[in-house]
1. Applying 1/(1 + (r/R0)^6) with R0 = 60 Å to the Cβ-Cβ distance of Thr275 and Gln410, what FRET efficiency is obtained, to the nearest 0.05?
2. Between the stretch 84-114 and the stretch 254-322, what is the separation of their alpha carbon centroids in Å?
3. Just want the answer: with Cβ charges of +1 for Lys and Arg and -1 for Asp and Glu, which residue in Ile368, Ala302, Ser354 is farthest toward the dipole's positive end in the stretch 302-415?
4. Given a 1.4 Å probe, how much area per residue of the stretch 97-168 is accessible, in Å²?
5. Using a 1.4 Å probe, what is the accessible area per residue for the stretch 1-57, in Å²?
6. Which of Ala128, Ala39, Ala226 ends up with the largest GNM mean-square fluctuation for the chain, with Cα atoms connected below 10 Å?
7. Got a sec? Charge dipole of the chain, +1 on Cβ for Lys and Arg, -1 for Asp and Glu; which of Gly86, Asn147, Thr275 is way out at the positive end?
8. Only Cα pairs under 8 Å and at least 6 apart count here; give the relative contact order of the chain as a rounded whole percent.
Amino acid sequence: MNSALNPKRTVAELKELRTLTGNDNGAQRIAFTPTWTKAREWLQKKLSVLPVEIHRDAAGNLWTTLRGESEKCLLIGGHIDSVPNGGWLDGCLNVMAGVEILRRINTQYYGKPPVTVRLVDWADEEGARFGKSLFGSSACSGNLDMNEARGLVDKQGIKLPDALKNVGIDFERVKDSGKELKNADAYLELHIEQGPVLLDLDLPLGAVLGTFGVERHAITFHGQAAHSGSTPMNRRKDAFLAAARMSPEIYKIAERSGNGVCTIGSCATKPGIVTSVVEECRITLDQRHLDSAKLAQMLIEAKAASEKFAKEGNVKVSWERLWQIAPRPFNTDLINLCDESIREACGKSHRLPSGPLHDAAEVAAAGIPTVMMFVQSLHGISHNKIEDTKEEHLELCVTAFDKLAEKAMQWIQKK
Ligand SMILES: [Zn+2]
(Lines give C-alpha, C1' and ligand atoms only; values in the text may rest on other atoms or scores of the structure.)
Protein backbone atom coordinates (compact mmCIF):
# COMPACT_ATOMS: atom_id res chain seq x y z
CA MET A 1 0.00 0.00 0.00
CA ASN A 2 2.85 2.38 0.76
CA SER A 3 4.96 1.58 -2.26
CA ALA A 4 4.73 5.23 -3.35
CA LEU A 5 6.34 6.37 -0.11
CA ASN A 6 10.09 6.87 -0.39
CA PRO A 7 11.60 7.89 2.98
CA LYS A 8 15.11 7.87 1.48
CA ARG A 9 13.99 10.70 -0.78
CA THR A 10 13.06 12.77 2.30
CA VAL A 11 16.59 12.36 3.70
CA ALA A 12 18.08 13.30 0.32
CA GLU A 13 15.87 16.39 0.09
CA LEU A 14 16.81 17.49 3.60
CA LYS A 15 20.45 17.34 2.55
CA GLU A 16 19.61 19.30 -0.60
CA LEU A 17 17.95 21.99 1.53
CA ARG A 18 20.94 22.05 3.87
CA THR A 19 23.30 22.71 0.96
CA LEU A 20 20.98 25.37 -0.48
CA THR A 21 20.30 27.35 2.71
CA GLY A 22 23.08 26.51 5.15
CA ASN A 23 26.78 27.24 5.56
CA ASP A 24 29.66 26.01 7.74
CA ASN A 25 27.85 27.32 10.82
CA GLY A 26 24.54 25.58 10.13
CA ALA A 27 21.09 26.44 8.78
CA GLN A 28 20.39 30.12 8.02
CA ARG A 29 16.68 30.12 7.17
CA ILE A 30 15.65 32.93 9.52
CA ALA A 31 12.04 33.91 8.88
CA PHE A 32 11.34 36.86 6.54
CA THR A 33 14.91 36.89 5.17
CA PRO A 34 15.96 36.20 1.55
CA THR A 35 17.31 32.74 2.53
CA TRP A 36 13.94 31.82 4.03
CA THR A 37 12.22 32.98 0.83
CA LYS A 38 14.68 30.88 -1.19
CA ALA A 39 13.86 27.80 0.93
CA ARG A 40 10.15 28.34 0.35
CA GLU A 41 10.60 28.76 -3.40
CA TRP A 42 12.50 25.46 -3.41
CA LEU A 43 9.68 23.84 -1.43
CA GLN A 44 7.00 25.14 -3.78
CA LYS A 45 8.89 23.78 -6.78
CA LYS A 46 8.84 20.31 -5.17
CA LEU A 47 5.11 20.58 -4.53
CA SER A 48 4.06 22.09 -7.84
CA VAL A 49 4.33 18.77 -9.72
CA LEU A 50 1.39 17.51 -7.63
CA PRO A 51 -2.25 18.43 -8.39
CA VAL A 52 -2.32 20.87 -5.46
CA GLU A 53 -3.29 24.48 -4.81
CA ILE A 54 -0.64 26.57 -3.01
CA HIS A 55 -1.19 29.95 -1.37
CA ARG A 56 0.11 32.13 1.43
CA ASP A 57 -2.32 33.26 4.12
CA ALA A 58 -2.61 36.66 5.81
CA ALA A 59 0.09 35.78 8.37
CA GLY A 60 2.56 34.43 5.82
CA ASN A 61 1.88 30.73 6.48
CA LEU A 62 2.19 28.65 3.30
CA TRP A 63 -0.71 26.23 2.62
CA THR A 64 -0.65 23.38 0.09
CA THR A 65 -4.01 21.72 -0.50
CA LEU A 66 -4.75 18.37 -2.12
CA ARG A 67 -8.53 18.35 -2.51
CA GLY A 68 -10.31 15.17 -1.52
CA GLU A 69 -13.81 13.65 -1.87
CA SER A 70 -14.79 15.46 1.31
CA GLU A 71 -14.33 19.01 2.60
CA LYS A 72 -13.18 17.45 5.88
CA CYS A 73 -9.56 18.20 6.31
CA LEU A 74 -6.37 16.59 7.60
CA LEU A 75 -3.59 19.08 8.37
CA ILE A 76 0.11 18.26 8.47
CA GLY A 77 2.40 21.02 9.71
CA GLY A 78 5.99 22.12 10.15
CA HIS A 79 8.24 25.16 9.77
CA ILE A 80 10.98 25.68 7.23
CA ASP A 81 12.40 28.66 9.16
CA SER A 82 15.38 28.05 11.43
CA VAL A 83 17.33 29.86 14.12
CA PRO A 84 20.64 31.44 12.94
CA ASN A 85 23.30 28.69 12.84
CA GLY A 86 20.55 26.12 13.33
CA GLY A 87 20.39 22.38 12.78
CA TRP A 88 19.46 20.59 9.57
CA LEU A 89 16.26 18.95 10.89
CA ASP A 90 14.38 21.24 13.27
CA GLY A 91 11.14 22.18 11.53
CA CYS A 92 12.06 21.22 7.97
CA LEU A 93 11.96 17.47 8.72
CA ASN A 94 8.26 17.92 9.52
CA VAL A 95 7.66 19.82 6.27
CA MET A 96 9.59 17.42 4.04
CA ALA A 97 7.98 14.33 5.61
CA GLY A 98 4.66 16.05 4.85
CA VAL A 99 5.69 16.51 1.20
CA GLU A 100 6.50 12.80 0.92
CA ILE A 101 3.16 11.85 2.48
CA LEU A 102 1.29 14.12 0.04
CA ARG A 103 3.06 12.31 -2.82
CA ARG A 104 2.07 8.91 -1.43
CA ILE A 105 -1.57 9.92 -0.85
CA ASN A 106 -1.80 11.49 -4.30
CA THR A 107 -0.50 8.33 -5.98
CA GLN A 108 -2.53 5.91 -3.91
CA TYR A 109 -5.85 7.75 -4.39
CA TYR A 110 -5.22 8.94 -7.98
CA GLY A 111 -5.25 12.59 -6.97
CA LYS A 112 -8.50 12.39 -4.98
CA PRO A 113 -8.12 11.16 -1.38
CA PRO A 114 -11.22 10.51 0.74
CA VAL A 115 -10.61 13.69 2.75
CA THR A 116 -8.81 16.90 1.87
CA VAL A 117 -5.14 16.91 2.92
CA ARG A 118 -3.26 20.14 3.58
CA LEU A 119 0.38 20.81 4.37
CA VAL A 120 1.14 24.02 6.25
CA ASP A 121 4.57 25.63 6.56
CA TRP A 122 4.13 27.98 9.53
CA ALA A 123 5.82 31.40 9.33
CA ASP A 124 8.44 32.29 11.95
CA GLU A 125 8.02 29.42 14.39
CA GLU A 126 11.42 30.15 15.91
CA GLY A 127 10.98 33.85 16.67
CA ALA A 128 14.74 34.18 16.25
CA ARG A 129 14.64 37.77 15.01
CA PHE A 130 11.92 39.34 17.17
CA GLY A 131 12.10 37.08 20.24
CA LYS A 132 8.51 35.90 19.82
CA SER A 133 8.09 32.28 18.79
CA LEU A 134 5.06 30.65 17.11
CA PHE A 135 4.19 33.84 15.21
CA GLY A 136 2.31 32.35 12.25
CA SER A 137 0.50 29.64 14.19
CA SER A 138 -0.53 31.96 17.03
CA ALA A 139 -1.90 34.48 14.50
CA CYS A 140 -3.85 31.62 12.93
CA SER A 141 -5.13 30.28 16.29
CA GLY A 142 -6.11 33.83 17.34
CA ASN A 143 -3.85 33.78 20.42
CA LEU A 144 -1.29 36.31 19.16
CA ASP A 145 -1.16 39.37 21.43
CA MET A 146 -1.41 42.14 18.81
CA ASN A 147 -0.34 44.96 21.14
CA GLU A 148 2.76 43.10 22.26
CA ALA A 149 3.67 41.99 18.72
CA ARG A 150 3.15 45.49 17.27
CA GLY A 151 5.94 46.81 19.50
CA LEU A 152 8.52 44.09 18.83
CA VAL A 153 11.84 45.29 17.37
CA ASP A 154 14.85 43.36 16.07
CA LYS A 155 18.52 44.13 16.85
CA GLN A 156 18.66 46.65 14.00
CA GLY A 157 15.68 48.51 15.47
CA ILE A 158 13.29 47.35 12.73
CA LYS A 159 9.73 46.86 13.94
CA LEU A 160 7.93 43.59 13.29
CA PRO A 161 5.12 45.28 11.29
CA ASP A 162 7.75 46.89 9.00
CA ALA A 163 9.65 43.63 8.52
CA LEU A 164 6.36 41.97 7.58
CA LYS A 165 5.50 44.76 5.15
CA ASN A 166 8.80 44.04 3.37
CA VAL A 167 7.61 40.53 2.55
CA GLY A 168 4.11 41.66 1.63
CA ILE A 169 2.29 40.93 4.91
CA ASP A 170 -0.07 43.48 6.50
CA PHE A 171 0.45 43.14 10.25
CA GLU A 172 -3.01 44.43 11.16
CA ARG A 173 -4.63 41.64 9.14
CA VAL A 174 -2.56 38.62 10.27
CA LYS A 175 -5.42 37.11 12.28
CA ASP A 176 -7.46 36.76 9.06
CA SER A 177 -5.34 33.61 8.65
CA GLY A 178 -7.68 31.97 11.20
CA LYS A 179 -10.10 31.13 8.42
CA GLU A 180 -7.64 28.51 7.17
CA LEU A 181 -8.61 26.30 10.10
CA LYS A 182 -12.18 25.94 8.84
CA ASN A 183 -12.97 22.24 8.21
CA ALA A 184 -9.77 21.15 9.97
CA ASP A 185 -10.52 17.86 11.72
CA ALA A 186 -7.05 16.77 12.77
CA TYR A 187 -3.54 18.23 12.91
CA LEU A 188 -0.35 16.15 12.85
CA GLU A 189 3.21 17.31 13.42
CA LEU A 190 6.44 15.36 13.33
CA HIS A 191 9.46 16.81 15.12
CA ILE A 192 12.90 15.89 16.39
CA GLU A 193 12.68 15.43 20.16
CA GLN A 194 15.39 18.05 20.96
CA GLY A 195 15.95 16.24 24.28
CA PRO A 196 17.54 13.00 25.53
CA VAL A 197 14.50 10.92 26.61
CA LEU A 198 14.18 8.64 23.55
CA LEU A 199 17.98 8.41 23.26
CA ASP A 200 18.27 7.22 26.88
CA LEU A 201 15.51 4.65 26.31
CA ASP A 202 17.20 3.55 23.07
CA LEU A 203 13.92 4.03 21.18
CA PRO A 204 13.64 5.74 17.77
CA LEU A 205 10.11 7.18 18.07
CA GLY A 206 7.62 8.46 20.64
CA ALA A 207 4.01 9.68 20.80
CA VAL A 208 3.71 13.14 22.35
CA LEU A 209 1.06 13.65 25.03
CA GLY A 210 0.97 17.44 24.83
CA THR A 211 3.06 20.47 25.66
CA PHE A 212 3.87 21.49 29.21
CA GLY A 213 2.06 24.30 31.00
CA VAL A 214 4.44 26.86 32.47
CA GLU A 215 4.36 29.00 35.62
CA ARG A 216 7.19 31.52 35.75
CA HIS A 217 7.70 33.70 38.84
CA ALA A 218 10.20 35.95 40.56
CA ILE A 219 10.41 35.27 44.31
CA THR A 220 11.96 38.01 46.44
CA PHE A 221 13.05 37.56 50.05
CA HIS A 222 13.34 40.80 52.02
CA GLY A 223 15.72 40.83 55.02
CA GLN A 224 18.04 43.42 56.47
CA ALA A 225 21.53 44.49 55.49
CA ALA A 226 23.97 44.27 58.39
CA HIS A 227 27.72 44.25 58.92
CA SER A 228 29.18 40.81 58.33
CA GLY A 229 31.55 41.15 61.27
CA SER A 230 29.53 42.84 63.97
CA THR A 231 26.20 41.03 63.57
CA PRO A 232 25.90 37.79 65.57
CA MET A 233 24.38 34.89 63.65
CA ASN A 234 21.23 34.79 65.78
CA ARG A 235 20.44 38.48 65.11
CA ARG A 236 20.50 38.30 61.30
CA LYS A 237 17.66 38.67 58.82
CA ASP A 238 19.45 36.95 55.95
CA ALA A 239 17.39 37.02 52.74
CA PHE A 240 19.81 34.75 50.90
CA LEU A 241 19.72 32.09 53.60
CA ALA A 242 15.93 31.81 53.39
CA ALA A 243 16.09 31.44 49.59
CA ALA A 244 18.87 28.88 49.89
CA ARG A 245 16.96 26.81 52.45
CA MET A 246 13.84 26.86 50.30
CA SER A 247 15.63 25.71 47.13
CA PRO A 248 16.01 21.96 47.90
CA GLU A 249 12.31 21.90 48.82
CA ILE A 250 11.41 23.34 45.39
CA TYR A 251 13.17 20.43 43.68
CA LYS A 252 11.46 17.91 45.98
CA ILE A 253 8.11 19.41 44.94
CA ALA A 254 8.94 18.74 41.28
CA GLU A 255 9.92 15.17 42.15
CA ARG A 256 6.64 14.56 44.01
CA SER A 257 4.61 15.91 41.07
CA GLY A 258 5.47 12.96 38.82
CA ASN A 259 6.54 14.32 35.43
CA GLY A 260 6.95 17.96 36.43
CA VAL A 261 10.18 19.91 36.12
CA CYS A 262 11.37 23.07 37.80
CA THR A 263 14.32 25.40 37.50
CA ILE A 264 15.66 28.13 39.72
CA GLY A 265 17.36 29.97 36.89
CA SER A 266 18.74 33.08 38.52
CA CYS A 267 19.64 34.51 41.90
CA ALA A 268 20.45 38.16 42.52
CA THR A 269 21.37 39.68 45.89
CA LYS A 270 21.43 43.20 47.29
CA PRO A 271 23.56 44.92 48.36
CA GLY A 272 25.63 42.13 46.86
CA ILE A 273 28.90 42.96 48.59
CA VAL A 274 31.20 40.66 50.48
CA THR A 275 30.85 42.47 53.84
CA SER A 276 27.07 42.60 54.18
CA VAL A 277 24.32 40.20 55.15
CA VAL A 278 21.94 39.98 52.15
CA GLU A 279 19.08 42.44 52.41
CA GLU A 280 17.21 41.32 49.32
CA CYS A 281 17.42 38.05 47.39
CA ARG A 282 15.49 37.62 44.16
CA ILE A 283 15.32 34.23 42.47
CA THR A 284 13.37 33.16 39.41
CA LEU A 285 11.37 29.96 39.35
CA ASP A 286 10.16 28.17 36.21
CA GLN A 287 7.75 25.27 36.86
CA ARG A 288 6.31 23.03 34.12
CA HIS A 289 3.81 20.20 34.04
CA LEU A 290 1.51 18.56 31.51
CA ASP A 291 -1.35 18.35 34.03
CA SER A 292 -2.86 21.72 34.95
CA ALA A 293 -4.04 20.53 38.40
CA LYS A 294 -0.57 19.23 39.22
CA LEU A 295 1.03 22.43 37.93
CA ALA A 296 -1.27 24.46 40.18
CA GLN A 297 -0.38 22.18 43.09
CA MET A 298 3.35 22.63 42.44
CA LEU A 299 2.85 26.39 42.62
CA ILE A 300 0.81 26.23 45.86
CA GLU A 301 3.48 24.05 47.49
CA ALA A 302 6.29 26.35 46.36
CA LYS A 303 4.49 29.36 47.82
CA ALA A 304 3.95 27.51 51.11
CA ALA A 305 7.63 26.54 51.23
CA SER A 306 8.73 30.13 50.60
CA GLU A 307 6.54 31.36 53.45
CA LYS A 308 7.75 28.65 55.81
CA PHE A 309 11.43 29.42 55.24
CA ALA A 310 10.82 33.18 55.30
CA LYS A 311 9.15 32.86 58.69
CA GLU A 312 11.88 30.62 60.06
CA GLY A 313 14.53 33.08 58.86
CA ASN A 314 12.68 36.14 60.17
CA VAL A 315 12.42 37.68 56.68
CA LYS A 316 9.53 38.49 54.35
CA VAL A 317 8.77 37.06 50.94
CA SER A 318 6.83 38.34 47.91
CA TRP A 319 5.90 36.73 44.58
CA GLU A 320 5.56 38.25 41.13
CA ARG A 321 4.24 36.34 38.11
CA LEU A 322 6.48 36.76 35.05
CA TRP A 323 4.68 34.55 32.55
CA GLN A 324 2.21 31.70 32.42
CA ILE A 325 0.80 29.34 29.82
CA ALA A 326 -1.67 26.49 30.26
CA PRO A 327 -0.74 22.90 29.37
CA ARG A 328 -1.92 21.89 25.90
CA PRO A 329 -2.83 18.22 26.06
CA PHE A 330 -3.19 16.45 22.72
CA ASN A 331 -6.15 14.37 21.51
CA THR A 332 -6.43 10.93 23.14
CA ASP A 333 -7.65 9.12 20.00
CA LEU A 334 -4.84 10.60 17.93
CA ILE A 335 -2.24 9.77 20.62
CA ASN A 336 -3.44 6.15 20.45
CA LEU A 337 -3.22 6.14 16.64
CA CYS A 338 0.27 7.65 16.87
CA ASP A 339 1.34 4.92 19.30
CA GLU A 340 -0.13 2.26 17.02
CA SER A 341 1.68 3.66 13.96
CA ILE A 342 5.00 3.69 15.80
CA ARG A 343 4.55 0.11 17.00
CA GLU A 344 3.73 -1.03 13.46
CA ALA A 345 6.83 0.73 12.11
CA CYS A 346 9.39 -0.31 14.73
CA GLY A 347 7.87 -2.56 17.38
CA LYS A 348 7.99 -0.33 20.42
CA SER A 349 6.62 3.07 21.33
CA HIS A 350 6.91 5.47 24.24
CA ARG A 351 4.63 8.29 25.37
CA LEU A 352 6.25 11.53 26.50
CA PRO A 353 5.34 15.17 27.09
CA SER A 354 7.01 17.99 25.19
CA GLY A 355 9.00 20.52 27.21
CA PRO A 356 9.40 22.99 24.33
CA LEU A 357 6.35 24.63 22.77
CA HIS A 358 5.57 23.85 19.14
CA ASP A 359 3.10 25.14 16.52
CA ALA A 360 1.01 22.08 17.44
CA ALA A 361 0.30 23.69 20.84
CA GLU A 362 -1.33 26.64 19.07
CA VAL A 363 -3.42 24.39 16.82
CA ALA A 364 -4.54 22.36 19.86
CA ALA A 365 -5.46 25.60 21.63
CA ALA A 366 -7.70 26.47 18.68
CA GLY A 367 -9.71 23.33 19.51
CA ILE A 368 -8.47 21.10 16.69
CA PRO A 369 -7.64 17.48 17.61
CA THR A 370 -3.85 17.40 17.52
CA VAL A 371 -0.94 15.03 18.04
CA MET A 372 2.82 15.10 17.53
CA MET A 373 5.35 12.36 16.89
CA PHE A 374 8.93 12.69 18.12
CA VAL A 375 12.00 11.08 16.58
CA GLN A 376 15.14 10.56 18.64
CA SER A 377 17.76 13.33 18.72
CA LEU A 378 21.43 12.39 18.94
CA HIS A 379 23.35 14.31 21.62
CA GLY A 380 19.88 15.40 22.86
CA ILE A 381 20.58 18.80 21.34
CA SER A 382 19.13 21.24 18.79
CA HIS A 383 19.29 24.91 17.77
CA ASN A 384 22.90 24.06 17.01
CA LYS A 385 24.66 22.82 13.89
CA ILE A 386 25.55 19.56 15.67
CA GLU A 387 21.83 18.71 15.90
CA ASP A 388 21.47 15.27 14.33
CA THR A 389 19.39 12.09 14.04
CA LYS A 390 20.46 8.72 12.61
CA GLU A 391 19.40 8.39 8.96
CA GLU A 392 17.73 5.05 9.66
CA HIS A 393 15.61 6.79 12.30
CA LEU A 394 14.75 9.58 9.87
CA GLU A 395 13.51 7.01 7.37
CA LEU A 396 11.61 5.20 10.10
CA CYS A 397 9.87 8.38 11.25
CA VAL A 398 8.66 9.15 7.72
CA THR A 399 7.22 5.62 7.50
CA ALA A 400 5.54 5.80 10.91
CA PHE A 401 4.25 9.35 10.34
CA ASP A 402 2.77 8.26 7.01
CA LYS A 403 0.94 5.40 8.76
CA LEU A 404 -0.40 7.95 11.23
CA ALA A 405 -1.61 10.18 8.38
CA GLU A 406 -3.50 7.26 6.84
CA LYS A 407 -5.08 6.26 10.17
CA ALA A 408 -6.03 9.89 10.85
CA MET A 409 -7.76 10.13 7.45
CA GLN A 410 -9.83 7.08 8.33
CA TRP A 411 -10.54 8.49 11.80
CA ILE A 412 -11.75 11.77 10.28
CA GLN A 413 -14.11 9.93 7.91
CA LYS A 414 -15.72 8.10 10.82
CA LYS A 415 -16.23 11.28 12.86
ZN1 LIG B 1 10.92 23.29 15.57
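The values are calculated or read from the model by the stated rules, or taken from the named source; none is laboratory data. Just so it is clear, the structure is predicted and the values come from calculations on it, not from any experiment. Here Cβ is always computed from backbone atoms with ideal geometry, including for glycine, and neighbour counts include all displayed protein chains. SASA here: full protein model, heavy atoms, side chains in, ligands and nucleic acids out. Shrake-Rupley method; radii C 1.70, N 1.55, O 1.52, S 1.80 Å.
1. With R0 = 60 Å, the Cβ-Cβ based efficiency is 0.25.
2. Here the two parts' Cα centres lie 44 Å apart.
3. Checked the options; the winner is Ala302.
4. I get 39 Å² per residue for this part.
5. I get 53 Å² per residue for this part.
6. Ala226
7. Working it through, the farthest residue towards the positive pole turns out to be Thr275.
8. Taking the mean separation of contacting Cα pairs over the length of the chain, I get 22 percent.
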